[in-house]
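In what follows, a single structure is set out as structure tokens and then discussed.
The values are calculated or read from the model by the stated rules, or taken from the named source; none is laboratory data. Bear in mind that the values here come from a model prediction, so they are computed numbers and not experimental data. Cβ placement follows ideal geometry from the backbone for every residue including glycine, while neighbour counts extend to all protein chains displayed. Note: areas computed on protein heavy atoms with side chains; ligands, DNA, RNA excluded. Shrake-Rupley method; radii C 1.70, N 1.55, O 1.52, S 1.80 Å.
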Amino acid sequence: MDKHQMNKVLITGASGLLGRAILKEFEADGRWECMGLAFSRAKGNLRKVDLKDQIAVREVVSQFRPKVIVHSAAERRPDVVEQQLEASRQLNVVATQNLALIAKEFNCFLVYISTNGVFDGTNPPYSPTDTPNPSNNYCIFKLDGEKVTLQALPTSCGILRVPYLYGEVESLAECSCTALFQAVLNSSKSKNVTDYGMRYPTLVDDIAIVIRQICEKALKEPDFYGIWHWSAPDAMTKYQMTKVMAEIFNLDHSHIKPVKEAPSGAKRAANSQLDCSDLTTLNFGRHTPFKEGIQKCLRNFVHSS
């Protein structure tokens, strides 16, 4: 397709786990001209921009003129947020508000990535219309990000809440799901792993497909906007995830010990299962089974570790 006929998409956080998958999905589709923004890990074709610099962000949007902005950049580690509250608020809330206002100025549709953690986990599954009640500062900030996005772009944004994510990583430590595999590989050392709280590990590639489909529909149908959920259907604890990982690669699991108590650090909801029916009724998305997805993500680390 000729570049002049392509819609343009700007992706923030494009060096991150989810952002890489989003950029890859739009590029592979072949009908989009893409620009990825990054900061601390900007490399290759990614453009280095500090999202907290409103003037720099506006300049990028003014020059590139995207039809769609996908905002996946965030401080996503709850324990880091607790330790760096103001810096995290600046990125997760203030930068989001500034981006939403810029999107409004340049008539862009904005997709804001939020979390199932906006719910307290006491009455799952949660629909998009259920009342949020976040349980830690990371989730409070993500909910605040939703509010400032909706305030600036009430009829020109999509809020997509997603759960516990995993994907192809640059190192096992890059996401908390693949980091569990390091404990499995280190069979000489006993490791306690939480067996508390249900997670719904979801492959970032599947999230990326849904995001592209949302953007396509939003550009065709001006009345398509709002809050949506996407999640894999399978529930498991982190301990159960390590068992699956060990079984896939025929590795010993006896050194991994389940811990039934809630983990220390930022409070996590026990079960924030998302109701995704609004999007599944549109035939959106894909659900990759955890066993299939995690095998693909971990296979390169088995023999090199």
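A few comments on the model shown:
- Among (1) part of a loop (DSSP other than H, G, I, E, B); (2) more than 29 Å from Ala246 (Cα to Cα) - the single one Leu110 does not satisfy: (1)
- Here the condition is being open to solvent by less than 20 Å² (accessible area, probe 1.4 Å) and closer than 20 Å to Leu91 by Cβ; of Leu37, Leu23, it holds for Leu37 alone.
- Put simply, of Leu298, Leu219, Leu279 the only residue that is in contact (Cβ under 8 Å) with a residue 24 or more places away in the chain, open to solvent by 60 Å² or more (accessible area, probe 1.4 Å), closer than 29 Å to Ala28 by Cα and in a helix (DSSP H, G or I) is Leu219.
- Flag: Ala218 matches the condition of being under 25 Å from Arg286 (Cβ atoms) and among the aliphatic types (A, V, I, L, M).
- Taking the numbered list (1) touching a residue at least 12 places away in the same chain (Cβ under 8 Å); (2) in a loop (DSSP other than H, G, I, E, B) in turn, Gly44 passes all entries but (1).
- No other residue among Val118, Val204 is under 13 Å from the mean Cα position of the chain (by Cα) and either surrounded by fewer than 17 Cβ atoms within 10 Å (Cβ to Cβ) or among the hydrophobic types (A, V, I, L, M, F, W, C) (or both) apart from Val204.
- Residue check, Gln240 open to solvent by 40 Å² or more (accessible area, probe 1.4 Å), within 19 Å of Arg77 (Cα to Cα) and either at pLDDT below 95 or not in a strand (DSSP E or B) (or both): no
- Scanning the stretch 7-17 for residues that are touching a strand residue (DSSP E or B) at 6+ places or on another chain (Cβ under 6 Å), open to solvent by less than 40 Å² (accessible area, probe 1.4 Å) and within 20 Å of Phe109 (Cβ to Cβ) turns up Val9, Leu10, Ile11, Thr12, Ala14.
- Scope the stretch 170-201; condition surrounded by fewer than 19 Cβ atoms within 10 Å (Cβ to Cβ), within 30 Å of Glu27 (Cβ to Cβ) and among the β-branched types (Val, Ile, Thr); matching residues: none
- Only residues that are in a strand (DSSP E or B) and either open to solvent by 30 Å² or more (accessible area, probe 1.4 Å) or among the acidic types (Asp, Glu) (or both) were counted across the stretch 155-169, and they come to 1.
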